[in-house]
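K.L.:
Here it is, the structure in full.
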Amino acid sequence: GFCAASDDCCLQGDCTKIAGDACNGGGDCLYPCEELGNAIITGYSTYLDLHAMQLGMSADLGVICPAEASSCPTSEFVNAGHDETVVDLIVEYQTNITTTADDLGNLAT
């Protein structure tokens with residue numbers, strides 16, 4: 001950091017530093033990169049959360065089962081009452097509609 005004032009600014013325990021000197025402690029020692037460092041840490045944490053959410057959504061949709069996913073669908077999706085992925089449910093629905101249409105066609109003949 002650097003000393004903003006010389007009232008309380010230290011470097012390696014030497015608290016006689018003046019404004020503009022390098023420092024690593026004291027109430028007047030400012031760290032100009034601290035906000036940027038915190039923003040990077042927060043941004044990376046957010047990225048990891050969103051990446052995990054994206055993997056879960058891909059797993060639940062069933063379009064692809066990401067290699068990083070623990071299961072397809074996710075346990076949260078199964079616990080919500082959906083044992084199959086969305087794609088599997090749509091394919092099953094399509095099969096049921098086709099069977100129903102065939103059955104109705106057979107009744108008409």
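K.L.:
Over the Cα atoms of segment 3-46, what is the Rg over Rh ratio if Rh follows Kirkwood?
P.N.:
Working: Rg = 13.1 Å, Rh = 11.1 Å.
Checking Rg against Rh, the ratio lands at 1.18.
K.L.:
With labels modelled as points extended 7 Å from the Cα through the Cβ direction, what inter-label distance (nm, one decimal) is found for Gln12 paired with Asn96?
P.N.:
Computed distance between label sites Gln12 and Asn96 equals 7.6 nm.
K.L.:
Note down the nm distance, to one decimal, between modelled labels 7 Å out along Cα→Cβ at Ser71 and at Ile41.
P.N.:
3.5 nm
K.L.:
Let me ask something else. Counting Lys and Arg as +1 and Asp and Glu as -1, what is the net charge of the other residues whose Cβ lies under 13 Å from the Cβ of Gly26? Write down the numbers at each step before the final one.
P.N.:
Working: positive: Lys17; negative: Asp7, Asp8, Asp14, Asp21, Asp28.
Taking every Cβ under 13 Å from that of Gly26, the sum is -4.
K.L.:
Right, next: If you take the square roots of the eigenvalues of the alpha-carbon gyration tensor of segment 56-96 and sort them as a ≥ b ≥ c, do you get rounded (a/c under 1.5), prolate (a/b over b/c) or oblate? Working shown, then result.
P.N.:
Numbers: a/c = 3.16, a/b = 1.50, b/c = 2.11.
It is oblate, given that a/c is not under 1.5 and a/b is not larger than b/c.
K.L.:
Here's another thing I want to ask about it. With angles folded into 0 to 90 degrees, how steeply does helix 86-108 sit against the dominant principal axis of the chain? Use alpha carbons for both and round to 10.
P.N.:
Rounded to the nearest ten degrees, it is 20.
K.L.:
Determine the calculated [θ] at 222 nm for the chain from helices alone, applying -39500 (n - 2.57) to every DSSP H run no shorter than 4 residues and normalising by the residue count; nearest 500 deg cm²/dmol.
P.N.:
Details: 3 runs with 56 residues, N = 109.
Rounded to the nearest 500, it is -17500 deg cm²/dmol.
K.L.:
Taking a point 7 angstrom from the Cα of Val63 along the C-beta vector, which residues in segment 89-105 have backbone N less than 17 Å away?
P.N.:
89-91
K.L.:
Additional query: For the chain, just the Cα atoms, rotate onto the principal axes and tell me the three extents in Å, largest first.
P.N.:
The principal-axis extents, from largest down, are 101, 22, 20 Å.
K.L.:
With no solvent and one point on each alpha carbon, what is the Debye value of log10 I(q)/I(0) for segment 22-82 at q = 0.11, 0.21 Å⁻¹?
P.N.:
Debye intensities relative to I(0), on a log10 scale: -0.46, -0.83.
K.L.:
Suppose a student asked you for the relative contact order of the chain, using Cα pairs under 8 Å spaced at least 6 residues apart; what percent would you report? Don't jump to the answer; show the numbers that get you there.
P.N.:
On the way: 123 pairs, mean separation 16.2, N = 109.
The value is 15 percent.
Quick note: the coordinates plus some simple rules give every number you see, no bench work behind them. Note that the coordinates shown come from a computational prediction; the quantities given were computed from them, not determined experimentally. We place every Cβ from the backbone using ideal geometry, glycine too, and count neighbours over all the protein chains shown.
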